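So the structure is just underneath, and the comments pick up after that.
The values are calculated or read from the model by the stated rules, or taken from the named source; none is laboratory data. Quick caveat: nothing in here was measured; it's all calculated off a predicted structure. Quick reminder, even Gly has a Cβ in these numbers, built from the backbone with ideal geometry, and neighbours come from all protein chains shown. For accessibility, only protein heavy atoms count, side chains too; no ligands or nucleic acids. Shrake-Rupley method; radii C 1.70, N 1.55, O 1.52, S 1.80 Å.
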Amino acid sequence: MLHLCTWYLKKDSIEWRPVGDYRALNAQTIKEKYPIPGIADFTSELYGKQIFSHIDLIKAYHQIPINPSDVHKTAICTPFGLFESLRMQFGLCNASSTFQHFIDEVTRDLPFVYAFVDDLLVASDNEPQHLEHLEILFSKLKEYKR
């Protein structure tokens, strides 16, 4: 099944990206039931914290490989020929829940990190602790790089 392609210019970038129209594929896909957290799930844990960092994991979904037997399902037609993705693409129905599951695994033992899909919030009591927390998080992210 080939999908139509549109081109998307991200507002804070000069880079054009092909985006597949995966509606037909998504209609046939079994939906993953992994929950996406709500802001109310962790706001009470932020009480008393003084230092915060917001980290946006750029192209985060691309850290998740597509099962080789499913790569052909991601095919899109572009003016430059056929494109099949080896990495998860924005627009696939299970992309958010799959990445949330992955990032929860990465940050599971880091109680100072709050993950909402590709956005991370690091909350600490003071600056020295915050620098330590950031170092731990970045080390963990590097460890899990796929």
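Okay, helix-only estimate at 222 nm for the chain: each DSSP H run of n ≥ 4 adds -39500 (n - 2.57), divide by all residues, round to 500 deg cm²/dmol; what do you get?
Per the formula, -8000 deg cm²/dmol.
Indicate, rounded to the nearest 5 percent, the antiparallel portion of the DSSP beta bridges found entirely in the chain.
Among the beta bridges of the chain, antiparallel pairing accounts for roughly 95 percent.
Can you give me the pair-distance distribution of the chain, C-alpha pairs, 10 Å bins, whole percents?
Once binned at 10 Å, the Cα pair distances of the chain give 10, 34, 30, 18, 7, 1.
If the chain between SER53 and LYS140 were fully stretched, how many nm would it gain, using 0.36 nm times the residue separation less the Cα-Cα distance?
Gain on stretching SER53 to LYS140: 29.7 nm.
Per-residue accessible area for ASP119 at 1.4 Å probe radius, Å² rounded to 10?
Accessible area, nearest 10 Å²: 50 Å².
Grab the chain and count how many Lys pairs have their alpha-carbon atoms under 25 Å apart, sequence gap of 8 or more, or different chains.
Lysine pairs satisfying the spacing and distance rule in the chain number 15.
Round to a whole number: what % of the accessible area of the chain belongs to carbon and sulfur, probe 1.4 Å?
Answer for the chain is 59 percent, counting heavy atoms of protein chains only.
How far, in degrees from 0 to 90, does helix 127-144 lean away from the longest principal axis of the Cα atoms of the chain, to the nearest 10?
For 127-144 against the chain, the angle is about 30 degrees.
Check which residues have an amide H placed less than 5 Å from ILE64's amide H, if you skip close sequence neighbours.
Answer set, sorted by chain and number: MET88.
Quick one: angle between helix 95-107 and the longest Cα principal axis of the chain, in degrees between 0 and 90, rounded to 10, please.
Here the helix axis deviates by roughly 30 degrees.
Whole-Hz ³J(HN,Hα) for each residue in the stretch 67-84, computed from phi via Karplus 6.51 cos²θ - 1.76 cosθ + 1.60 with θ = phi - 60°, x for glycine and proline: what do you get?
4, x, 6, 10, 4, 4, 6, 8, 4, 10, 8, 10, x, 9, x, 6, 10, 10
Considering only protein heavy atoms, what per residue accessible area in square angstrom results for the chain with a 1.4 angstrom probe?
66 Å²
Heavy atoms only, 1.4 Å probe, whole protein assembly: order SER85, SER96 by accessible area, highest first.
Largest to smallest exposure gives the sequence SER96, SER85.
Please work out the FRET efficiency for the pair ASP109 and HIS72, using the Cβ-Cβ distance as r and a Förster radius of 41 Å; give the result to the nearest 0.05.
0.65
Within the stretch 75-101, name every residue whose backbone N is under 15 Å away from a label modeled 7 Å from Cα of ARG23 along the Cβ vector.
91-93
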